[in-house]
Every structure is written in structure tokens, then in C-alpha cells.
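The next block holds one structure in the form of C-alpha cells; read it before the comments.
The values are calculated or read from the model by the stated rules, or taken from the named source; none is laboratory data. None of the values given here were measured: they were computed from a predicted structure. In this analysis, Cβ positions are derived from the backbone assuming ideal geometry, glycine residues included, and neighbour counts consider all displayed protein chains.
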Amino acid sequence: MRESRLAGFRTLLYKEVLRFWKVAFQTVLAPVINAMLFLLIFSHVLDRHVTVYGDIAYTAFLVPGLVMMSLLQNAFANSSSSLIQSKITGNIIFVLLPPLSYREFYAAYVIASMLRGLFVGAGVLLVSIPFVDLSIAAPGWALAFALMGSAILASLGVIAGIWADKFDQLAGFQNFLIMPLTMLSGVFYSLHSLPQLWQDVSHANPFFFMIDGFRYGFFGQSDVSPWLSLGVVSVCLMLLAALTLAMLARGYKLRA
Amino acid sequence: MSLPAIRIVSATKRYGSVQALAGVDLEVDRGEFFGLLGPNGAGKTTLISALSGLVRADSGTLEVMGHDVVSDYRNARRKLGVVPQELVFDPFFTVRELLRIQSGYFGIRHNDDWIDEILASLDLTAKAGANMRMLSGGMKRRVLVAQALVHRPPVIVLDEPTAGVDVELRQGLWQFIRKLNRDGHTIVLTTHYLEEAEALCGRIAMLKAGRVVALDTTANLLRRFAAHSLRVRLERPEIAGRLGATLAEGGWAEFALDTYDEVEPTLARLREAGGRIVEMQLGEADLERVFVEVMHDA
């Protein structure tokens, strides 16, 4: 028997990864197939009619958006579903009884969810290869937005999973907040194709900056400056991380 | 002198309008087999939850082996193993995976030797590779015990561990828990089966409405409240009533006695009063009667 200071955190991270990996058909493969269907339909309908940023084919434009959308949605789904299932079935006590700090708790749930998001995102990118000629102009930018976007949604998932007392409330959070914000964030269109009013409204949606910044990593072009996107996304991440950590430190709904 | 295994000073906890703990003071010595009894809603589970960090007490001090459960929670939780009341499990994993994961949470890696020992002791070796969903209720209960033991805690709290468990498993479980106690583990037990508490616990605390209303050794509690009883069924039970007996259904009357020496004088008084005995029983005091009296008086 050997004791290690970080073993608690590592074990929770391992357990959370193993949890989604054991049902990878549902947690990784299914969202990849969904994204592929979007790609098939939209590319078939629009590819010959629409170009973006001058000469970029619509399908090529769509791929980074789909990758990021899938990544974000799955990062959220992982932490939120894991927590609410554990709360409702009662097995959350196995995580609450050991000597894990709230920071370790946060880090393990968020990193595991980021990994699921990144797996799904990579999967979507992989299956897109036969459909589109795509190069990554600035991989550092793409990676930065993928990491920060998944961390934001994973944190939101922790908040939703802790806050919700039943699956219905979590579904509300997902369907009335996460889904509209992702779908209306420029996944399927360039902001410049919208009327001015909706362009202004889109600037209030942090998901737009995540996707626009990620897309910059592929084309070296985006609707707004990647630095602006980086600033907005960084502030969002810091605020959400602080809020989640404060909830966990207080024991909100977990250690009542 | 060594610190107690558990020390609770003025612990309070309120849920809305319900005062779950109303200033609990309690000490459990190392190596004790301690019973925590009380009716539903008395505060037993809240007290255990506060001790294990599952809820936060509003005020007071709670320590496990000298470690404060809030300011020194890491050490306090390392010293404590809790078997929860609810039959909870994680459906994604096998028994062995769960025990390895639980060991890891406590910072312990490469714990398979001890895990194998626990599995063997709880007769779970054959189920080590089975998914939790495939186990019977009794098996799941044993896994809960195993999970509480993976980090070799010196203090083990069992919150109604035999609720809904068949006789064979119950006996096996108590045999194992007794062995742990003999090996030096402090055991704290809550149960509604009072005969279990009477047989196992050296000391007992009774809770009512969030307060400790009785705290003594089991032997003293049994002595303090009506050590023996004489039950008689009379043709005219009201005669016994006039002599201070408690009347029950079916013409039965019960005299509380401190010693068996009081049997003969009591029967003599009954005879003198004209009482004709139809049936008679002598009874030992049991914890159930003590419990009823304590709860009635508190």
C-alpha cells in the first residue's frame, strides 16, 4: 500500500474518463455521427452556392464550426450528466467522503469533460477529411480556443449538474441555454451574412467568440480579431471557474 | 491519555424549520463498539453526515481521532470509513474497479492485496469481476462495507447496515464487524434492530429530536430501567393495577422488578388483594423496553 498526495485527484480524473469511455458508443461515436450528418446535408445543399471570406467553400467553413460545436456540447454533457446521475443515484457520496479538496474535485471533472469534448472534436475533424480539403493555418490558436472553450462548457456542466435536482432541470439548462447559444454562434454562417442587429446581438454570445477564434486557427481569417475573441473567452473562463469553485468551496447542494 | 476516536462538542444543524441537531455532545473512545440509537428523524444520520463531511454543522466541533472534520478534513476523512444507509452504487464499474477507485480517492495505489483480503472476508471474491448492476441487494450491501474499509480506517461508522438484509448475511456481517472491533477498530453503529445493538454495543447513546437523551454502557442502561419484569394474567386485572402494575391487553399486568427477590413478595401482595393468577411469565429487561422508556421520558 503506497499513499500519494495527488493520487486522489488522478483517480477521480481516471474514473471520470473511464466512465465515458465505457460507453464511448454513446458519448463519443454518436456525436461524431451526428456532426457527420450535418456535414453531409449542409455540404450537399449549400456547397455550390455559398462561399465565405471570399473564396472559402461552405463545407470547409462549416467543418471547424461543427468540430467546435460538438466539442462544446460534449464537454458540457459530460460533467453535467456525470454529476446529476451521481447525485440522483446517491453514489456522489463515494467522491464526497474521501479527502479530496474542492479544487481537486473541480479539476478532475473539468479535465475529464475537456478530454471527452476534445475526443469528439477530433473525431468530427477526422470524419470530415474525405469531404473537404482543409488545412490548419494557425494550430496554436485552434488549440487554445478548443481548450478554453471545452473548459468553459465543462465548468458550466459542473454548475448545471450541481444546481439541477432532477434530469428535467438539466434538460432545461441544456435545451434553453446551451443549445441556442451554440446554434446561434456562427457554426453554420459567417456573422457578416447577418443583418446589423443580429450581428450586434451575436457579440453578446460568448459562444460566438469561441467558434470564431477556433475558425481563425483554420483559415487565418475570422469575423472579429482573434485577440478580441481570446480576451472574451479568457474572461468567461475565469468568471465561470471562479463561480464554480466558489459553489464547490461552499458545498452548495453537495455538502448541505 | 490518547484522544478519543470521536469527539463531538455542541454540534448543531438546522434544516429550515427542523432542528436536526440541537447541541450534541458525545465522545467515543478508541476500540469501542458504540451504538447510536433513536427513532426516525432523531438526528442519527445528520450526526454521521456531519462527522463524515457530507453535511456541515452550523456550529460546534466534530473530531475524528483528534482531527477536526472541517479545518483538518483530509486527516479526519482518512481515519473514517462510512457504510451508508442507502444501497447506493456506481453502475459503470465492476466490484474490483470500484474498490481500486475508492482506494485511489484516499491516495492509496497498489492496494490489491488488501482489496483481495476484504473481498475474501466478505465472501465477494467470486464477484470481483462482476458489474455492480448484476449483484443482489445483499451483495451490494457487502460491497458498501468493502468500500468503507479500503483505506483501513481506524473508525468505522455503519448507518443501519442490516436494513433489509437476510439473516445469514446479517450474521456473517456481524461476525466480520466483531473481528474488526477485536482488531482494534472503533465501531459506531446505528440500527433499528435493538437486539443487535444490545448484543454488540458496549456503550449506547440515544438521540431524540437532535439531542442525546441517554448515554451509558449497555449494561447500565439495562439496569437503570427496569431490570426484570413479572407478567401475570389475572381473572380481575384491576387488582394488579391498584398494586402499581402496568396493565396490558388480554388481562395481562406487568410489575417492574429490580431483582428476582421481589417476585415472592409481589405474588404475596397479589394473593392478599384477592388476585387469582391464570398465567405468569418472568421477563429479562431488554433494550427495546429501555428505548421505549427513554423516548417516553425524554
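Residue check: B:Gly81 meets all listed conditions (1) of a type outside the set (A, V, I, L, M); (2) modelled with pLDDT under 95; (3) not in a helix (DSSP H, G or I) but one, namely (2).
Cβ separations smaller than 9 Å between residues 6+ apart or across chains give the following pairs from the range A:4-31 residues that are within 11 Å of chain B (Cβ to nearest Cβ) and small (Gly, Ala, Ser) to residues that are surrounded by fewer than 18 Cβ atoms within 10 Å (Cβ to Cβ) and in a loop (DSSP other than H, G, I, E, B): A:Gly8/A:Ser101.
Does A:Arg255 satisfy being within 14 Å of chain B (Cβ to nearest Cβ), among the charged types (D, E, K, R) and surrounded by 15 or more Cβ atoms within 10 Å (Cβ to Cβ)?
When the stated conditions are applied, A:Arg255 passes them.
In the range A:96-126, what count of residues is obtained for those that are of a type in the set (Ser, Thr, Tyr) and without any contact (Cβ under 8 Å) to a residue 24 or more places away in the chain?
The total comes to 1.
The helices (runs of 4 or more DSSP H) found wholly in the range A:173-250 and carrying at least 2 residues that are free of Cβ contacts under 8 Å to residues at least 12 places away in the same chain and among the polar types (S, T, N, Q) occupy A:196-202. Residue-level analysis places A:Leu134 outside the set of residues that are within 14 Å of chain B (Cβ to nearest Cβ) and part of a loop (DSSP other than H, G, I, E, B). Among the residues of this structure, B:Ile118 does not count as one that is facing chain A (nearest Cβ under 10 Å) and touching a helix residue (DSSP H, G or I) at 6+ places or on another chain (Cβ under 7 Å).
Per-residue answers, yes or no, for (1) in a strand (DSSP E or B); (2) closer than 16 Å to B:His67 by Cα:
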site	(1), (2)
B:Pro4	no, yes
B:Ile8	yes, yes
B:Ala11	yes, yes
B:Leu21	yes, no
B:Gly35	yes, no
B:Asn40	no, no
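Checking the stated criteria, B:Ile118 turns out not to satisfy the condition of being out of contact with any His (no Cβ under 8 Å at 6 or more places or on another chain), surrounded by 15 or more Cβ atoms within 10 Å (Cβ to Cβ) and modelled with pLDDT of 95 or more. Close Cβ contacts (under 9 Å, 6 or more residues apart or on different chains) running from residues in the range B:8-24 that are in the same structural domain as B:Ile48 (by TED's automatic domain parsing) and farther than 16 Å from B:Val213 by Cβ to residues that are of a type in the set (S, T, N, Q) and not in a strand (DSSP E or B) comprise B:Lys13/B:Thr46; B:Lys13/B:Ser49; B:Tyr15/B:Thr46.
Residues are listed down the side, and each one gets a yes or a no for (1) surrounded by 19 or more Cβ atoms within 10 Å (Cβ to Cβ); (2) under 19 Å from A:Ala122 (Cβ atoms); (3) at pLDDT below 95:
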| residue | (1), (2), (3) |
| --- | --- |
| A:Asn175 | no, no, yes |
| A:Thr182 | yes, yes, yes |
| A:His203 | no, no, yes |
| A:Phe208 | yes, no, yes |
| A:Phe218 | yes, yes, yes |
| A:Asp223 | yes, no, yes |
| A:Trp227 | no, no, no |
| A:Ala241 | no, no, no |
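Among residues of the range B:97-110 that are more than 16 Å from B:Gly129 (Cβ to Cβ), those with a beta-carbon under 6 Å from a residue that is charged (D, E, K, R) at least six positions away or on a different chain give the pairs B:Gly107/A:Glu3; B:Ile108/A:Glu3; B:Arg109/A:Arg2; B:His110/A:Arg2. For B:Asp258, state whether it is within 29 Å of the chain's Cα centre (by Cα) and farther than 30 Å from B:Ala20 by Cα. Spelling it out, B:Asp258 is indeed within 29 Å of the chain's Cα centre (by Cα) and farther than 30 Å from B:Ala20 by Cα. Applying the condition of being surrounded by 19 or more Cβ atoms within 10 Å (Cβ to Cβ) and farther than 20 Å from A:Leu191 by Cβ to the range A:37-70 and asking which residue is modelled with the highest pLDDT yields A:Ser70. Would the range A:84-99 turn up any residue that is of a type in the set (Ser, Thr, Tyr), part of a helix (DSSP H, G or I) and within 16 Å of A:Ile152 (Cβ to Cβ)? No, that holds for no residue. Within the range B:94-114, being surrounded by 20 or more Cβ atoms within 10 Å (Cβ to Cβ) and in a helix (DSSP H, G or I) holds for B:Val95, B:Leu98, B:Leu99, B:Arg100, B:Ile101, B:Gln102, B:Ser103, B:Gly104, B:Tyr105. The number of residues in the range B:94-111 that are more than 7 Å from chain A (Cβ to nearest Cβ) and within 20 Å of A:Arg5 (Cβ to Cβ) comes to 2. Within the set B:Ala197, B:Ala148, B:Ala130, B:Ala163, the sole residue that is within 14 Å of chain A (Cβ to nearest Cβ) and in contact (Cβ under 8 Å) with a residue 12 or more places away in the chain turns out to be B:Ala148. A residue that is surrounded by 21 or more Cβ atoms within 10 Å (Cβ to Cβ), outside the structural domain of B:Val278 (by TED's automatic domain parsing) and at pLDDT 90 or above cannot be found anywhere in the range B:217-234.
Here's the yes/no breakdown for (1) outside any helix (DSSP H, G or I); (2) crowded, with 23+ Cβ neighbours inside 10 Å; (3) more than 7 Å from chain A (Cβ to nearest Cβ):
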{"site": "B:Ser71", "(1), (2), (3)": "yes, no, yes"}
{"site": "B:Arg74", "(1), (2), (3)": "no, no, no"}
{"site": "B:Gln85", "(1), (2), (3)": "yes, no, yes"}
{"site": "B:Phe92", "(1), (2), (3)": "yes, no, no"}
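So, A:Ser80, is that one away from every other protein chain (no Cβ under 13 Å), farther than 21 Å from A:Phe209 by Cα and in a helix (DSSP H, G or I) or not? Here the answer is yes, as A:Ser80 does meet what is asked. The residues on offer are A:Ile129, A:Ile93, A:Ile88, and the sole one that is within 14 Å of another protein chain (Cβ to nearest Cβ) and without any contact (Cβ under 8 Å) to a residue 24 or more places away in the chain is A:Ile93. Being facing chain A (nearest Cβ under 9 Å), within 24 Å of B:Gln175 (Cα to Cα) and of a type in the set (A, V, I, L, M, F, W, C) is the requirement here; does B:Val55 meet it? Criteria not met by B:Val55.
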